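Notes follow once the structure below has been shown.
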Amino acid sequence: MRFAANASESCPRCGVSVDVGLTVASLPTQLFKSGPLNEQTTGSVEVESLNHLIGRDLHVYQCRSLLGRGGMGWVYLAQHRDLVRKCALKILSPKLVQKDPLYLEHFWNEGRAAASLTHRHIITIHAVGEADGHHFLEMEFVRGQSLQHLLDQAPLSPLKATSIICQIAEGLSAAHQAGILHRDLKPDNILLTHRGIAKIGDFGLAKRIHPSSAGKLPETLAGTPHFMAPELFQGANATTASDVYSLGICYFLLLTGRLPFARGRLNELITASQHEPFPCIDDLCNETTREMTHCLNALTARSPANRPQSGLEASFLLQAVLGHLRDIETLIHDAFDPTPAVTWTRHQNQFRLEVPLPDGRGQTVYVESSDHASHHRLLTIFSTCCPVQPHYFEQALRLNAEISHGGIAIREVDGQSFFVMVDTYPSATADVEEIRQSVFEVAKQADFVEHKLTGKDVQ
């Protein structure tokens with residue numbers, strides 16, 4: 001969320017203009033010194049170009065390409081020379097360190113906080129260090145996109161929005177249980193893998209919770225204003241409940257595509273968040289369920305005492321919501337009832353679909369859900385290619401390298417081993433269009449492999 005240094009300028013995303021000074025106006029995360037917001041001074045630091053690092057070695061890393069530029073520096077796709085693995089290398093801007101050593105402290109905070117956390121919904125920090133005057137973090141390389149980028153492309157279904165927020169809550173729960181606050185949870189700081197797995201990153205404002213600090217006013221007010229809990233603007237300490245409020249704002253944004261309090265000036269935003277009723281989700285998204293509405297209201301309650309008190313409590317609440325959402329049969333109905341050429345039957349937890357293909361060919365596709373808890377349940381879509389024969393192995397492996405969707409595996413079907421084309425999704429994130437497209441793609445690819453291996457159309 002970028003705010004302009006000049007009050008006549010506006011954020012290109014939310015349209016908010018600035019009428020108070022910011023410590024660094026060009027940064028996506030804003031830091032406010034404690035005290036009246038209208039008494040701040042404005043300063044601006046231009047993050048210099050670090051393009052000269054592309055193709056060069058830094059410590060044990062070869063910087064191969066630029067992944068993105070953030071408020072505190074640059075992130076490169078790099079190769080670890082000794083371990084021969086790809087990673088994301090975040091390099092702090094040297095000019096920021098010279099201008100204000102506080103940024104180096106935030107940078108090291110991110111490394112120390114995230115490095116102490118190991119969780120599937122948190123980006124892993126492998127190493128922190130300094131080389132040739134550059135401070136860096138070696139991070140897990142996540143193939144995918146930011147949650148904000150996904151939002152910019154198209155609105156999310158309530159089912160997918162709830163599942164993603166539930167994953168984020170799990171990651172937040174792990175941080176809270178380790179005694180770490182995030183303090184800047186927002187879609188820009190969440191990455192999604194190609195499989196729809198959410199991972200929290202950017203712990204640059206993270207803070208450890210110390211019992212001795214209870215009751216003291218914070219030295220700085222940190223965060224991105226639209227996602228900050230109302231009590232923070234009144235001088236209260238950041239808490240696990242204020243992180244939960246940020247989670248709730250993310251949920252509202254995923255469900256509606258807008259922020260709850262979009263105002264023209266920052267002081268108007270603060271006033272609205274503290275005094276105006278929270279927008280009614282039912283008026284903005286008619287597909288939300290009663291459970292979703294109740295959950296969102298709890299996450300974004302103005303009083304921190306009325307919210308879930310930690311990421312763990314928020315995770316339990318969201319898991320309960322997912323338990324009430326549509327099951328797979330409903331999704332199959334919605335995906336294929338408008339397509340009468342595709343017929344399907346159900347046997348227990350497995351659905352069998354007959355999919356017609358060009359030139360009179362056809363393919364049987366199976367859709368089934370795993371028996372995990374609702375928030376970890378997997379949806380598997382597969383189609384048989386042909387029975388397993390040893391002389392097919394080499395050709396099957398070669399074909400696997402040519403396939404862009406799914407992959408060839410071996411699976412027992414009705415007591416017999418088959419080569420199958422298979423694809424999997426987190427069950428709660430799968431929507432109607434994803435299932436429809438995946439079924440047709442798996443059918444097409446399985447037919448292709450079957451034809452290449454056997455020259456037949458067995459279905």
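Rule-based calculations on the coordinates, nothing more; no lab input. No experiment lies behind these values; they were computed from the predicted model shown. Note that we place each Cβ from the backbone using ideal geometry, even for glycine, and neighbour counts take in every protein chain shown.
Here are the numbers:
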quantity: Hydrodynamic radius (Kirkwood) for the stretch 328-454, which is based on Cα pairs only, to one decimal in Å; calculated: 15.0
quantity: Additional length obtainable on full extension of the chain from ARG81 to GLN177, 0.36 nm per residue less Cα span; calculated: 31.1 nm
quantity: Computed label-point distance, nm, for sites LEU378 and TRP108 using a 7 Å Cα→Cβ extension; calculated: 4.2
quantity: Restraint check, LYS160/LYS444; LYS86/LYS452; LYS99/LYS199; LYS86/LYS160; LYS160/LYS186, Cα-Cα greater than 22 Å; calculated: LYS160/LYS444; LYS86/LYS452; LYS99/LYS199; LYS86/LYS160
quantity: Convex hull of the stretch 144-322 built on C-alpha atoms - directionally averaged projected area, nm²; calculated: 9.9
quantity: Within the stretch 415-459: backbone nitrogen closer than 17 Å to the PHE393 label point (7 Å, Cα to C-beta); calculated: 417-420
quantity: Cα centre as origin, Lys/Arg/Asp/Glu Cβ charges: the stretch 221-331 dipole, Debye; calculated: 320
quantity: Low-density loop positions, trypsin sites (Lys or Arg not before Pro), the stretch 381-459 - DSSP coil, at most 12 other Cβ in 10 Å; calculated: LYS456
quantity: Full-stretch length increase - GLN234, HIS126 - with 0.36 nm per residue and alpha-carbon distance subtracted; calculated: 35.2 nm
quantity: Where chymotrypsin sites (Phe, Trp or Tyr not before Pro) fall in DSSP loop in the stretch 92-161, at most 12 other Cβ within 10 Å; calculated: none
quantity: Sites ARG411 and ILE54, calculated FRET efficiency, Cβ-Cβ separation with R0 30 Å, nearest 0.05; calculated: 0.10
quantity: GLU110, GLU105, GLU313 arranged by Cβ crowding within 10 Å, fewest neighbours leading; calculated: GLU105, GLU313, GLU110
